Structures are given as C-alpha cells and as structure tokens.
Amino acid sequence: MHERVSVNALCFPGASLAQMADHWRALAPRRIAFMSSLLTDDVGLPRGIIVDGGYRFESMTHLFLWGHQMDAAQAIWDAERAKLSRVIETVAALGGRSIYMMTGGHGPMSWEDAAQAFSAGIAPCVAQAKAAGVQLMIETASPLYADAHLPHSLRDTVTLAEMAGIGVCVDIYACWTEAGLKETIARAVPRCGLVQICDYVYGDRALPSRAVPGDGDIPLRQIVGWLLEAGYEGAFDLELIGPRIDAEGHLEAARRSAAKVGELLIELGA
C-alpha cells in the first residue's frame, strides 16, 4: 500500500477496535485513523494495535458538541471541552498527529455569530492541543448536518479554521462541486492536516452515497493534482461508507480503494 494512504476505521461501520485491527492487519496500511467513540480509559488496546502493526496514527475523529447547538448552556460547553481535552491527551499519548471534528450545530445564531461562539468556546482546547503537538482540525459536511456542524463548504471551513486558529481536513466528497476549488485548496493547504478521499457516482441519492475511487465521477486526478501542486504532503485517508460499499463488502472496497489511490499518487509523482 502507498505510504501516503491512510485507512480510516469509518470504512468498517459497527466494528469494534479489535475487529478493525483484524481489517488493518489484512490490508497492511502504513497509516490508520479511528474514532474517539471507541476509546476507553484504558489506552492499552489502541497502543498495542498501533505498535504491533507498525502504523502511523494519522488522525482521530471526534464529534464535538454532538447533539448540541452553539447556544448550548455553559455546563454543556464545559463538559464538551472536558471530553475533547481527554481526547487530546489520549491522541498525544498514542503518538497521533491530529484530531478532526464536527463543531456543533448552528442553532438560532447567524453563521458569523455561531463561528465566533465556536472559536471562543474551543480556545482552551486549541491551546492544549498546540502544547501537546496535536493538530485540531475541522472538516466540511453537508447542510443535512446543520444540527451538528457549521461549515458546509470548503471555503467556509477554511474561514472558520482561520478564525479559531485550527487546521482543516479536506473531504473531497464534500467539496468537489464548489466553484473556485483550486484557489480554495491553495488557501486551505497551509493548515491542512488530512485529505479524505472517495468517489461519487452520478445519480446516487442515498446518503452517504460514496464509492470506491475510480468507480465514479469526481475528477480525482485533477483535485489530487491541485492538492499536490499547492504543497500538500500529508495522508490521503479512505472514508468509504454507503450502499455501494456495503454491497461490495467493506474490506474488499477498502482494498480496491487503497490500490486505486496508490496508483493515482504514483502517477502524479507523490
């Protein structure tokens, strides 16, 4: 597998950390990513998986303020910051590079006021992560997740990241149709710590309607080329979910995806 391909545990929905370890062992990636929801107070299992597999722990997904809005009570903000603080400590202890997050929902605020509230509310965790050498990032999500997330375009994601002093996870699936994408990628790359890659087949309506790279219609060669041209040097993380992936089988879909992305990176000189 290409050194810059990361296999995210989200490729194996419903699997336990131990089961995902079996999948990673079968695929033999150099890099992995998984979710904070799988963590317990005992980090022995994830540490053993990382060490035994010789993996680079690329990133952790964390659903900050999940189920809450930006106008949440102070007690909720305090509890959410405490949870994120523990995740930062764990990722640092495991040698992880980054955490990419949802932000919490819009609530009744304007986007600008909500963005200010998020930036101020997360500031203590930003300082903690920087001190620990862990990059906090936010990604782009569909407006269908407005109850759980603020930015719904890469441009807005970069704007919010700049306001909050954090990084960006570029999810190609969520931003590939945007106008001015090449220019926005160039703006994003200096603070980009992870790129998530999959494909989309025209006409698919079920969410999440992701496909194996090369099976669909996203101009991946062009977009990956823009990322590399802008100086992106990090991982390309597989996030494969949806009916097409379920039908093929998660392990086989991940295996084909890793091969396709690896071939593309080699062709582009990465």
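Could you tell me which of the residues 266, 218, 223, 241 is assigned to a loop (DSSP other than H, G, I, E, B), more than 21 Å from residue 13 (Cα to Cα) and not acidic (Asp, Glu)?
Answer to the check: 218.
So which pairs qualify, if the first residue must be in the stretch 108-124 and farther than 11 Å from residue 163 by Cβ, the second must be of a type outside the set (Val, Ile, Thr) and assigned to a helix (DSSP H, G or I), the Cβ gap must be under 7 Å, and the two must be at least 6 apart or on different chains?
Listed pairs, sorted by first residue: 109/117; 121/77; 124/81.
Starting from the stretch 135-151, take each residue that is closer than 10 Å to residue 106 by Cβ and list its partners that are polar (S, T, N, Q) and in a helix (DSSP H, G or I), counting only C-beta distances under 9 angstrom and pairs at least six apart or across chains.
150/157
Please go through the stretch 18-39 and give me each residue that is under 18 Å from residue 89 (Cβ atoms) and assigned to a helix (DSSP H, G or I), ordered by number.
36, 37, 38
Answer yes or no: is there a residue in the stretch 40-57 that is farther than 28 Å from residue 233 by Cβ, touching a His at 6+ places or on another chain (Cβ under 6 Å), of a type in the set (A, V, I, L, M) and part of a helix (DSSP H, G or I).
No - not one qualifying residue is present in the stretch 40-57.
For a quick check of your reading of the model, give me the residue pairs whose first member lies in the stretch 178-199 and is more than 21 Å from residue 265 (Cβ to Cβ) and surrounded by fewer than 20 Cβ atoms within 10 Å (Cβ to Cβ), whose second is of a type in the set (Gly, Ala, Ser) and at pLDDT 95 or above, with beta-carbon atoms closer than 7 Å and at least 6 apart or on different chains.
Pairs that qualify, where the first residue is more than 21 Å from residue 265 (Cβ to Cβ) and surrounded by fewer than 20 Cβ atoms within 10 Å (Cβ to Cβ) and the partner is of a type in the set (Gly, Ala, Ser) and at pLDDT 95 or above, are 178/153; 191/161; 191/167.
The values are calculated or read from the model by the stated rules, or taken from the named source; none is laboratory data. The shown structure was predicted, so the numbers you read here are calculated from the model rather than taken from an experiment. Counting neighbours? That spans all protein chains shown, and the Cβs are built from the backbone with ideal geometry, glycine included.
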